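Following: one structure in structure tokens, then a few remarks.
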Amino acid sequence: MGRRKEKLNLERILGIALEHGPKIVEELNIRLGLEDAEYLCRMLREQGKEAMPYDFPYTHGVWKSEDESGIPYKRHAMKEFIVGLSKEKKIDYTDKMGFRKLLKYINIPTIRERKTNRWGTSFHGMISHGYGNSPYDAIADLVGHDSDFSRTKEIGLSPYDLPKAPQNTWLNKWGRPTPTARAAVKELVKVVSKEKRLDYKRPEDFINLLPYLNEDAFNTKKISFWGTTLSIVLRNVYKSVPRLALRDMLARDPEFSDTVTYLRIILPNISGVLPRRTYYN
């Protein structure tokens, strides 16, 4: 009798959902299990109404589960968010230039609040429970597995390319610069080196680069295709002092070991750049 009652309840929910949409279960104070939500989606599909288990609010376990093809529902949701946002902004997300324009909208408030599809679904649960409140993890998962984003995958996407980098991108839990911060500073060195036609790996050229690795360079030079600058890094991590950033990079990147040795011999008193010690593995 218990199973029959459950089935009848599902059929009743189906009838109401056909008329009012999946969100009606929230008004009915019903929280579906994943299997029930998947069943209702199949029934709605037979009636020509596309829906996903996450369109039924608060479906148990949906953000940790996969569909029958092995694709996580959270990835389905992120794709739906991107597709919907692209249509709204009239941007082609499969094109690298279009995706660059789209990046500024990929943030927690937009993901949580935007009504994505015909059912008015928003993805607060997806970003919170599926990706630990990290838009970067969400978009990186999608780009890494969906062929529609092959051009973006070829270019590469770093956490700092999003408008707001994830927590602990620049400073670790002890408040010290992270390897990501140093890697970003190195990207700036590469960009300026290329502009000035110098080889940053050569100690003599690195010295000639120093006047150009100034505050303006951190604030305005784009270190990636996505238009990322290091203004926030310089201000929040290195106290708006470029030479602190360079010193941190020199101290911990073994590629600059010859440069550090050269500086100690040729310019031992160079202000603020030469590290007191190195920390190479």
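What follows is calculated from the coordinates using simple rules that are stated; it is not laboratory data. Computed from a prediction, not measured in an experiment: that's the story for all the values here. Glycine gets a Cβ as well: all are built from the backbone with ideal geometry, and neighbour counts include every protein chain shown.
Some values worked out for this structure:
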{"item": "Extension gain, Glu113 back to Leu267 (0.36 nm per residue minus Cα-Cα distance, nm)", "result": "49.9 nm"}
{"item": "Least to most buried among Glu26, Glu38 (fewest other Cβ within 10 Å first)", "result": "Glu26, Glu38"}
{"item": "10 Å-binned pair-distance histogram of the chain (Cα, whole percent)", "result": "6, 23, 24, 18, 13, 9, 5, 2, 0"}
{"item": "Extension gain (nm, one decimal) between Val191 and Val241, 0.36 nm per residue minus Cα-Cα", "result": "16.1 nm"}
{"item": "Two-site FRET efficiency, Ile155 against Ser257, from Cβ-Cβ distance with R₀ of 35 Å, rounded to 0.05", "result": "0.70"}
{"item": "Loop sites in the range 1-104: trypsin sites (Lys or Arg not before Pro), DSSP, at most 10 other Cβ within 10 Å", "result": "Lys90"}
{"item": "Principal-axis tilt of helix 242-252 within the chain, Cα atoms, nearest 10 degrees", "result": "90"}
{"item": "Entries in Lys90/Lys194; Lys90/Lys153; Lys64/Lys222; Lys153/Lys221; Lys87/Lys153 that, when Cα-Cα distance is taken, lie over 27 Å", "result": "Lys90/Lys194; Lys64/Lys222"}
{"item": "Nearest-ten-degree value, helix 257-266 long axis tilted from longest Cα axis of the chain", "result": "30"}
{"item": "Exposure proxy order (Cβ contacts within 10 Å, fewest to most) of Ile127, Ile24", "result": "Ile24, Ile127"}
{"item": "Computed label-point distance, nm, for sites Lys89 and Leu171 using a 7 Å Cα→Cβ extension", "result": "2.9"}
{"item": "The range 73-157, relative contact order [Cα under 8 Å, separation at least 6], %", "result": "31"}
{"item": "Charged-residue dipole, Cβ positions (Lys, Arg, Asp, Glu), the chain about Cα centre, Debye nearest 20", "result": "920"}
{"item": "Average silhouette area of the range 73-157, convex hull of alpha-carbon atoms, in square nanometres", "result": "4.9"}
{"item": "Length added when fully stretched, Ile71-Thr178, from 0.36 nm per residue minus Cα-Cα", "result": "35.3 nm"}
